[in-house]
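The values are calculated or read from the model by the stated rules, or taken from the named source; none is laboratory data. Not measured: the values here are computed from a predicted model. No Cβ is skipped: glycine too gets one built from the backbone with ideal geometry, and neighbour counts run over all protein chains shown. With ligands, DNA and RNA removed, areas are computed over all heavy atoms of the protein, side chains included. Shrake-Rupley method; radii C 1.70, N 1.55, O 1.52, S 1.80 Å.
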Amino acid sequence: MISTHNTLKSLLVLGLFGSQSVAALNIHCGHVFDANKASMLSNQIIQVENERIVALAAYSNQTVDLDYSQQYCLPGLIDMHTHITHESSATRYLERFQHDAADVAFNATVFAKRTLAAGFTTIRDLGDEFNVSVALKNAINQGKVAGPRIFTAAKSLATTGGHADPSNGHRDGLFPHTTPEHGVLNGSSDAMRAVRQRYKDGADLIKITATAGVLSQAASGDNTQFSESELAAVIATAKDYGFKVAAHAHGKAGMLRAIKAGVASIEHGTYLDDEVIRAMKQQGTYLVPTLIAGNWVSEKSKIDGFFPAVVAKKAATIGPLLAGSFKRAHTAGVKIAFGTDSGVSEHGRNGEEFALMVDNGMTAAAALQAAMVHAAELLGQADQLGQIKAGFYADLVVVDSNPLVDINVMTEIKTVIKGGQIAKTTD
């Protein structure tokens with residue numbers, strides 16, 4: 001074997017300051033997680049050309065460029081529910097009146113770097129501000145800034161006064177009349193127009209707020225907010241453009257309506273019950289549970305003044321329920337993809353979701369699969385992401401110990417490789 005120091009150094013420069021790909025790279029891993037079979041392979045070599053894996057095979061004294069022979073290599077992680085353009089804080093509601101698009105954009109670059117350093121080489125962003133997630137996606141793809149691959153919904157879709165109506169909390173006259181361009185719709189015609197606007201803006205998918213939510217300045221946290229005709233128009237138009245639809249949903253009635261309409265995923269799913277579970281299994285609908293967000297809003301609701309009073313009440317009620325809904329769905333065999341709602345909780349702490357999933361009844365192997373093969377399937381990238389396999393992007397994370405034994409190691413990522421380039425190393 002050759003020394004890895006110079007290779008590491010050159011790869012770091014490429015990963016941080018350019019978009020050039022490494023021509024060829026041999027990576028020796030003591031253990032490789034087979035995300036399809038949920039098992040560990042021993043003593044493997046991963047061959048990379050440009051940004052893709054070309055082979056995974058047993059190591060047999062080949063010359064290597066990166067030596068992780070004492071460590072564990074896993075596919076790059078995928079977070080299916082983030083908000084990369086913002087982060088909650090005690091001043092968040094005030095910042096909406098103070099920050100312009102440039103402020104949001106610069107903050108987003110910081111959040112993107114944190115997310116990548118945590119091992120998440122791909123994210124799905126489900127609601128941004130000023131279409132910054134689209135611009136950030138393009139900047140990352142062009143090698144201008146560091147960050148994960150982004151698949152974004154741009155501005156999420158809401159109804160007037162509903163969760164994600166950007167005028168909530170504003171006095172009359174302070175925010176313009178909301179339209180489908182703002183992501184606010186009323187009726188089927190508006191729904192079609194809103195989806196088409198997201199296409200024009202450069203979105204990759206559609207996010208709807210099928211029910212009320214926790215952090216919006218409105219009384220309900222779970223009422224139904226899209227009519228059947230509005231949902232039908234959104235989903236039919238999204239299908240025309242090749243978009244999947246993700247549905248934020250807490251309340252049972254709104255979940256059932258969205259599932260039957262054909263959404264790809266339910267985000268959060270707080271009040272799901274046996275009827276909702278049956279519908280999800282019949283339709284093949286994924287649950288993205290966001291347990292860390294539930295814990296976070298529950299904890300912050302106890303701090304006087306952290307949230308507006310109307311929000312604090314909802315956070316204290318809904319936050320603690322997410323773990324129970326996750327348990328019910330997992331036990332019943334609902335398909336589950338990993339998601340954190342980071343931006344509600346702090347960016348860069350995404351890996352803490354794994355332990356919460358395991359604490360609430362999922363095996364470590366299944367939790368890892370949720371952030372790999374299952375996330376890739378929901379994303380529509382099952383042939384590109386989520387596995388260490390020939391033809392797939394060379395996205396890897398390296399840890400020092402076996403996550404199947406201690407899932408907490410997933411918060412201690414040592415090395416992150418995205419597309420064959422090292423984005424982080426602690427060596």
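Looking for something within 18 Å of M372 (Cα to Cα), at pLDDT 95 or above and under 23 Å from the mean Cα position of the chain (by Cα) - is there at least one such residue anywhere in the stretch 81-101?
Yes, the stretch 81-101 has at least one match.
Select, from A312, A316, A366, A329, the only residue that is in contact with a helix residue (DSSP H, G or I) (Cβ under 9 Å, 6 or more places away or on another chain), surrounded by 21 or more Cβ atoms within 10 Å (Cβ to Cβ) and either in a helix (DSSP H, G or I) or not polar (S, T, N, Q) (or both).
A329
Restricting the search to the stretch 311-347, which residues are within 12 Å of V297 (Cα to Cα), in contact with a strand residue (DSSP E or B) (Cβ under 8 Å, 6 or more places away or on another chain) and among the hydroxyl-bearing types (S, T, Y)?
Within the stretch 311-347, just S342 meets the criteria.
Which helices (runs of 4 or more DSSP H) sit wholly inside the stretch 54-164 and have at least 1 residues that are farther than 30 Å from N408 by Cβ and open to solvent by less than 20 Å² (accessible area, probe 1.4 Å)?
101-117, 132-141
Scan the stretch 348-374 and report the pairs whose first residue is at pLDDT 95 or above and among the acidic types (D, E) and whose second residue is in a helix (DSSP H, G or I) and open to solvent by less than 20 Å² (accessible area, probe 1.4 Å), with Cβ atoms within less than 7 Å and a gap of 6+ or a chain change.
E352/I292; E353/L291; E353/I292
State which residue pairs qualify: first residue more than 30 Å from E377 (Cα to Cα) and inside the stretch 288-312, second residue surrounded by 19 or more Cβ atoms within 10 Å (Cβ to Cβ) and of a type in the set (D, E) in any location, beta carbons under 8 Å apart, and separation of 6 or more residues or different chains.
From the stretch 288-312, no pairs qualify.
Going through the stretch 278-309 one residue at a time, which ones are among the polar types (S, T, N, Q), open to solvent by 10 Å² or more (accessible area, probe 1.4 Å) and within 20 Å of H374 (Cα to Cα)?
If the condition is that a residue be among the polar types (S, T, N, Q), open to solvent by 10 Å² or more (accessible area, probe 1.4 Å) and within 20 Å of H374 (Cα to Cα), then Q282, Q283 are the ones that fit.
Just to be sure I understand, how many residues within the stretch 230-267 are surrounded by fewer than 18 Cβ atoms within 10 Å (Cβ to Cβ) and closer than 16 Å to S220 by Cβ?
1
Take the stretch 269-287 and flag every residue that is of a type in the set (G, A, S) and either under 14 Å from G254 (Cα atoms) or free of Cβ contacts under 8 Å to residues at least 24 places away in the same chain (or both).
Residues satisfying the conditions are G269, A279.
When you check F175 against the structure, is it of a type in the set (A, V, I, L, M, F, W, C), open to solvent by 40 Å² or more (accessible area, probe 1.4 Å), part of a loop (DSSP other than H, G, I, E, B) and at positive phi, yes or no?
It is false that F175 is of a type in the set (A, V, I, L, M, F, W, C), open to solvent by 40 Å² or more (accessible area, probe 1.4 Å), part of a loop (DSSP other than H, G, I, E, B) and at positive phi.
What are the pairs with Cβ atoms under 8 angstrom where one residue, in the stretch 234-259, is at positive phi and the other, located anywhere, is open to solvent by less than 10 Å² (accessible area, probe 1.4 Å) and at pLDDT 95 or above? Sequence gap at least six, or different chains.
The qualifying pairs do not exist here.
Identify the residue in the stretch 179-215 that is more than 16 Å from G127 (Cα to Cα) and in contact with a strand residue (DSSP E or B) (Cβ under 7 Å, 6 or more places away or on another chain) and, among all such residues, is surrounded by the fewest Cβ atoms within 10 Å (Cβ to Cβ).
N186
Please enumerate the residues belonging to the stretch 332-346 that are open to solvent by 10 Å² or more (accessible area, probe 1.4 Å) and touching an Asp or Glu at 6+ places or on another chain (Cβ under 9 Å).
A332, K335, D341, V344, E346 - these are the residues of the stretch 332-346 that are open to solvent by 10 Å² or more (accessible area, probe 1.4 Å) and touching an Asp or Glu at 6+ places or on another chain (Cβ under 9 Å).
Being aromatic (F, W, Y) and without any contact (Cβ under 8 Å) to a residue 40 or more places away in the chain narrows it down to one of F175, F151, F130, so name that one.
Result of the check over F175, F151, F130: F175.
Filter the stretch 303-317 for residues that are under 26 Å from the mean Cα position of the chain (by Cα) and closer than 20 Å to E87 by Cβ and give the result.
F306, F307, V311, A312, K314, A315
When only residues in the stretch 380-427 that are in contact with a Phe, Trp or Tyr (Cβ under 6 Å, 6 or more places away or on another chain) and part of a helix (DSSP H, G or I) count, which is farthest from R349 (Cα to Cα)?
I407
Can you name the residue in the stretch 138-148 that is touching a residue at least 60 places away in the same chain (Cβ under 8 Å) and in contact with a strand residue (DSSP E or B) (Cβ under 7 Å, 6 or more places away or on another chain) and, of all such residues, is farthest from G119 (Cα to Cα)?
A146
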